[in-house]
1. Where does region A:18-297 land on the Kirkwood hydrodynamic radius, alpha-carbon pairs, in angstrom?
2. I'd like the distance separating the alpha-carbon centroids of region B:122-163 and region A:162-238, in whole Å.
3. Which order do B:ASP185, A:ASP192 take when ranked by solvent-accessible area (1.4 Å probe, heavy atoms of all protein chains), largest first?
4. Hey, with R₀ at 30 Å, roughly what FRET efficiency would A:ASP40 and B:LEU154 work out to, going by the Cβ-Cβ distance, to 0.05?
5. List the residues of region A:1-22 whose backbone N lies under 18 Å from a point placed 7 Å from the Cα of B:VAL97 along the Cα-to-Cβ direction.
6. Be a star and scan region A:200-243 for residues whose amide nitrogen sits under 11 Å from the point 7 Å along the Cα-to-Cβ vector of A:LYS67.
7. Provide a whole-number value for the mean count of partner chain Cβ atoms within 10 Å of the Cβ atoms in peptide B:269-277.
8. With labels modelled as points extended 7 Å from the Cα through the Cβ direction, what inter-label distance (nm, one decimal) is found for A:LEU23 paired with B:SER193?
Amino acid sequence: MSMRLREELEAYLFLLPWILGFLLFLVGPLAASLYFSLADYNILQPPKLVGLANYQTMFADDPLFLKSLRITAIYTFASVPLIVTLGYLVALLLNQKVRGLAVWRTIFYLPAVVSGVAVAVMWVWVFDPDGGIVNNLLRLVGIAGPAWFTDPDWALTTLILTSLWGIGGGMVVYLAGMQGVPTHLYEACELDGGGTWNRFRHVTLPMTTPVIFFNLLIGIIGSWQVFTNAFVITNGGPANATLFYVLFLYRQGWKYHKMGYASALAWVLFFIILIFTIIVFKTSGWVYYESDQADQSK
Amino acid sequence: MSTQLQSLPAWRQRRSVHMVMTHTLYYLILATVGTMLMVPFLWMVVSSVKAEHEIFSIPTTWIPERIRWENYTHALESFPFFRSLLNTLFITVSVIVGRLLSTSLAAYAFARMRFRLRTPMFVLVLSTLMIPYHVTLIPTYILFTRLGWIDTFLPLIVPNWLGLGAFYIFLLRQFFMTVPSEMNDAARIDGCSHFGIFARVILPLSIPALATVTIFTFLEQWNDFLAPIIYLNSPDKHTLAIAIQFYRQSASGAGWGPVRTWAHLMVVSLLTMAPCLLLFFFAQRYFIQGVVISGVKG
């Protein structure tokens with residue numbers, strides 16, 4: 001009995017750093033942030049409760065909020081499916097017993113290793129309207145390329161294009177999933193007279209749906225939090241064409257010192273991500289779980 | 001190949017020809033996509049030793065008129081590289097150490113210890129994965145302001161010593177579960193305490209998982225932009241990521257747009273990316289493995 005109690009106490013000792021962090025940097029801030037979101041707060045003066053006014057302002061008379069919502073949603077709906085599909089297709093190709101698999105995998109994964117400001121600087125050149133490589137190549141085939149990041153009609157599309165550079169991150173996971181498919185399933189499919197298409201449709205694809213699901217979810221959550229590229233490459237412009245949600249939130253908080261409003265924005269972001277997560281889970285009927293895999297994840 | 005083909009019956013020959021053609025197509029697609037992904041990297045390397053007027057030349061040139069190594073020395077003179085590097089290294093290493101300690105302790109408790117709140121607390125850990133960083137950002141920022149920690153490294157480091165990073169707790173717990181429990185029991189019979197088992201049995205057997213946590217944390221911290229830009233004000237505290245952004249702004253005069261010192265900017269960006277690339281080349285196994293542990297089994 002005392003052994004049990006001892007172990008019980010010891011366990012909480014092991015968890016002490018996490019418990020402290022959980023209370024100090026999660027529960028506390030969550031409560032505070034909920035409170036600030038109902039207040040007018042500029043840090044200098046104490047918060048003044050205003051009820052739901054921040055939320056009302058957002059939806060009733062802040063066109064920039066609605067714009068940033070729309071921009072981020074467009075980005076999510078365009079970039080995530082593209083990254084998932086293209087990454088999956090490349091993984092399928094690499095799964096065809098190609099030679100030099102390690103080299104290919106390195107090439108495709110490498111861009112996923114680097115990120116941040118250095119990469120953003122690189123994109124500014126790649127899509128430079130005059131001397132950038134994309135327009136230089138288009139010029140070779142006689143097309144006058146658009147102004148990319150500096151054209152309000154193209155800036156968001158260009159950011160979506162740059163996100164495709166990271167297809168390697170998901171690809172490695174798909175490939176690992178494909179290589180984990182037991183060969184007896186392929187043999188069974190072949191015995192039933194299944195060709196390449198059937199092998200893909202009835203073995204590879206169903207067996208890798210959990211991996212696709214995981215990447216889809218991570219991708220959606222990540223795309224709602226895009227910040228660095230929007231800040232460094234376009235700084236929200238031109239004409240607010242790339243005013244991503246988190247950039248909008250950052251400006252409200254750290255440029256205009258509207259901490260109450262920014263807190264309300266953060267809570268709306270939380271609910272958006274929550275709703276997307278629930279939708280993805282609720283519509284996950286297409287995901288195939290092998291029974292032993294289900295046991296493992298329990 | 002051709003002699004082999006001739007010795008096969010006609011239908012096998014047709015099939016082989018078909019196979020060769022599809023495989024050629026595969027390699028063509030892989031090579032095209034691979035080139036598209038690598039070109040921006042290559043261009044950065046080439047541009048870093050070019051003269052300013054060559055960088056945006058039309059059409060793009062791939063061989064510089066003269067290799068200007070002096071770009072590197074000039075860039076390091078005008079850009080506070082070593083100070084920013086030291087700052088970035090200090091933050092990154094501190095976060096890695098704190099995260100390894102705090103998350104592995106928590107993961108051990110969840111994987112190996114018996115206590116009544118084990119399941120509910122683990123569910124709690126997982127549920128924190130869904131909360132976006134931005135929801136707690138504002139109150140945390142205000143907390144650090146009150147503590148007088150703004151413009152110090154503490155806001156970037158301390159939370160990570162307190163088990164923040166539920167994903168890593170999950171990842172390590174999954175790995176610790178795979179260590180055979182007989183080793184646990186044997187150690188316990190020998191009178192080993194839980195801390196003894198943790199330090200002498202589990203940790204040494206979990207080097208691959210710890211390496212994965214280290215690598216992911218390194219990349220995340222190295223490229224982080226939002227937290228440093230919020231917490232670090234004075235230039236001598238800047239990390240590489242923000243230092244590049246400031247360098248860019250000061251070089252171009254205006255907020256953003258073409259800068260006069262592109263070659264230097266390329267040098268600095270490349271030097272910032274280099275540690276991530278080197279890490280990838282030397283620890284590729286742990287990268288792939290980490291992606292697979294988190295993606296396929298998660």
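The values are calculated or read from the model by the stated rules, or taken from the named source; none is laboratory data. Everything numeric in this text was worked out from a predicted model, so none of it was measured. Note that each Cβ is placed from the backbone with ideal geometry, even for glycine, and that neighbours are counted across all protein chains shown. Side chains are part of the model used for accessible areas, which takes the heavy atoms of the whole protein and leaves out ligands, DNA and RNA. Shrake-Rupley method; radii C 1.70, N 1.55, O 1.52, S 1.80 Å.
1. Working: mean 1/r = 0.0458 Å⁻¹.
For region A:18-297, the Kirkwood estimate is 21.8 Å.
2. About 32 Å separates the Cα centre of region B:122-163 from the one of region A:162-238.
3. Numbers: B:ASP185 85, A:ASP192 140 Å².
Greatest to least solvent exposure: A:ASP192, B:ASP185.
4. Values: r = 29 Å, r/R0 = 0.97.
Once the sixth-power term is evaluated, E becomes 0.55.
5. Counting backbone N atoms under 18 Å from the label point, the list is A:17.
6. The answer is A:236-243, whose backbone nitrogens lie closer than 11 Å to the label point.
7. Working: counts 9, 3, 1, 6, 7, 2, 1, 6, 3.
Partner Cβ neighbours, averaged per residue: 4.
8. 2.3 nm
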